[in-house]
Every structure is written in C-alpha cells, then in structure tokens.
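Structure first, then comments.
Here, each number is a calculation from the coordinates, and none is a lab measurement. Since this is a predicted model, take the numbers as computed values, not measurements. We place every Cβ from the backbone using ideal geometry, glycine too, and count neighbours over all the protein chains shown.
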Amino acid sequence: MKSKALTILALALAVASCSPQIYPLYMDVRQPSASGLDLNRKSLAIVYADGTNSRDSLFDRSAASAMARTLEADYFGGEEAVGLYHIPSADSVTVELMRSLVMDTGADVVFLLSSQLDSAQPEVNQQVRGAASPDSAYVCPVNVPVKTSLKVYDSMGEDNVLSYKGNAVMRPLVFNSGVISDQGYDILAMQSLAPKAEEMGERIARRFLSSWKTESFSFYYFEKEAWYKPLDYFADGKSSAAVDAWGKLARSSNTLYRACGAFNIAQALYLMEDYEMSQRWLELAEKTENLALSSGLRKRLEARLEKSGK
C-alpha cells in the first residue's frame, strides 16, 4: 500500500509539473474620459473658429494649442499628433459641418472651439514700487468675460454632436504709465491673455483625458526558466522583450506551450492597447488548446473593440 501511494503521488506531481500555472498581475488600464468619450487609439483634430473679432481668434488659437499639447501628453506620449486647424465662424454647428471637418482633417474625432471676449473691465490702477520703467509704473487687474463653446464629433461613435459651454472671467494684469484710456486697457489686456487662454485650454482638455482603473490580469507559465523570463520582462515594463520571448514559446512543438505562449502574447498586446493584434493571437491560442483564461480575455477584447467601433 505504501509503495502504491508513493506511485500515485509521483504521478500527481508529474501531471502538475506538466500543467500550466497562473501568474496574476495587477495593471492600471486606460478607461474612457470623464466626458464619456473613449479617445484612445483615435486620431484627433482641434479646429478653432475665426470670429469677427481678431482677438477672439488669437485667444482660441492659444487655447487650442494648449488643448492639443495636453491631449498629446496623455494619448500620444507627448508626440505632436493632434492637428490644429481654423475655419470661418459659423452661425450654427450641425452634424453635417462636423462630418465635413472629419473629412477635411482626416481625424477620427474633431473638436470645434469658439470663444467670445467682452471688453476689458479695469479695476483699481495701483502704483508699482521700484518700477523698472515709466511704462510699468502702474498695474491694474482687468476683468475680461469670456464665453466659450466646444463642439465634439466622434466619427467612430454615435452620429451626433456633443456640446459644451462655459463662462469665465479672465483677470490679466495690465502694466501701464498711469495715463491710459478704456481702449488702452482693452488692448493691453488682450495682449496679456495668451497665458490665460492656455490655462483655459488645459482645463478644457482635462475633461477628455483618460481615467484609469487597476485590474487583475493572468498569464500562464510553467516551472521552467524560459517561462519566468518573459514574466519578469513584462513586470519590469519591457513589453516588447516579453512578447518576443513568448513568441519563441508559441512556436514550440508542444501544443500546450504554443497555446499558452499565444495567449500570453494576446494578453500582453491587450495591455499594450493593440486590440486587433491581441484578438488574432487569442484566436490562435483558442485553435490550439482549450484554455480556461481565454473567455475572460475575449470578453474584454469584445468590449474594447465595440467601443472603438471596430
């Protein structure tokens, strides 16, 4: 009886050593923005309207540039990828207009920005101690009311135009000689508004930045050195090296190795946000072996591809 029990235990250990183990990994996953729009892996363009007043256009150009930089930092790793355009001001913004902007810019998602600036409203002009120049001997906070309209059209989503409106009061400081007219306050205030416009552009863009959620993902591995290395690579942020290492395992003569290697590549590509290639590798894994983790990844992929309109 004793020898039989030992034989059964040895067989059980042998089977366990041939079975894949599951390695859990917790990762931050990109989610749709606070606006509800999912802009990930979509091309973007920002269009600002040339108003009847040139100062409105200058303000919007600065705001649009700041919007672009903020979106690029989140979705494109800081690369200059968001197109900037301008068009004549339109009386109304329709779906047809936004569709035409999609065609003209070649972008998946188009933002249309338009602002109206009221005349500057000066407060108390105060003398500056130790002024370096007579022209800056006084400083006056100036209030500039701004009405902003933002239209957004996602050509890969629902066929409608999202609309956002806001009112703000910009408060630039106007340095002057102490003798200045209301028109002078207005002109100098507009010249000082570029930083304020950039601040507004950054605030607008934040509504469309990714949100993040920590989720658990599982990878297969076997009790062999060749399976440990890609897990270490991926955990250290070396995604490409991990995929290459799993690629070698996915070419093994052992069908279970091939399936697990292909699945791990699919899981990695999902986390690298390459959903179409992830789907291809998952299909290869499913054709090779019936793996327990496949259905969970498939559900995640289907949800992502549905949101991206693919």
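Rounded to the nearest 0.05, the FRET efficiency derived from the C-beta distance between Arg171 and Ala73 at R0 = 25 Å is 0.40. Normalised by the number of residues in the stretch 202-308, the mean separation of alpha-carbon contacts (under 8 Å, six or more apart) gives a relative contact order of 19 percent.
How far, in degrees from 0 to 90, does helix 239-249 lean away from the longest principal axis of the Cα atoms of the chain, to the nearest 10? So the inclination is approximately 20 degrees.
When DSSP beta bridges are restricted to pairs lying wholly in the chain, around 75% turn out antiparallel. Compared with the direct C-alpha span, the chain from Val139 to Ala235 gains 29.0 nm at full extension, assuming 0.36 nm per residue. Inter-part distance, the stretch 125-146 to the stretch 222-251, computed on C-alpha centroids, equals 63 Å. Between Ser89 and Asn290, the simple spin-label model (points 7 angstrom out along Cα→Cβ) gives 6.7 nm.
Fully extending the segment from Glu202 to Gln121, taken as 0.36 nm per residue of separation minus the present Cα-Cα distance, adds 26.7 nm.
Pairing the Cα long axis of helix 182-191 with the longest principal axis of the chain, what angle in degrees results, from 0 to 90 and rounded to the nearest 10? Helix 182-191 and the main axis of the chain meet at about 20 degrees. In the chain, Cα pairs under 8 Å separated by at least six residues give a relative contact order of 20 percent. Summing Cβ point charges (Lys, Arg +1; Asp, Glu -1) relative to the Cα centre of the stretch 44-206 gives a dipole of roughly 560 debye. The angle separating the long axis of helix 294-307 from the principal Cα axis of greatest extent in the chain is about 20 degrees. Applying the criteria of a DSSP loop state and at most 11 other Cβ atoms within 10 Å to the trypsin sites (Lys or Arg not before Pro) of the stretch 208-292 yields Lys224, Arg251. Placing +1 on the Cβ of every Lys and Arg and -1 on the Cβ of every Asp and Glu, with no other charges, gives the chain a dipole of roughly 1420 debye about its Cα centre.
Using the alpha-carbon centroid of each, what span in Å lies between the stretch 147-195 and the stretch 258-310? Answer, in whole Å: 46.
Ranking Ser278, Gly157, Asn53 by how far each Cα lies toward the positive end of the dipole of the chain (charges on Cβ) leaves Ser278 at the top. Our coupling estimate for the stretch 207-213, obtained by passing each phi through the Karplus curve with A = 6.51, B = -1.76, C = 1.60 and θ = phi - 60°, is 5, 10, 7, 4, 9, 10, 9 Hz, Gly and Pro reported as x. If R0 is 25 Å, the Cβ-Cβ spacing of Glu158 and Asp274 corresponds to a FRET efficiency of close to 0.50. Of the two radii for the chain, the radius of gyration is 1.22 times the Kirkwood radius, both from the alpha carbons; that is the Rg over Rh value.
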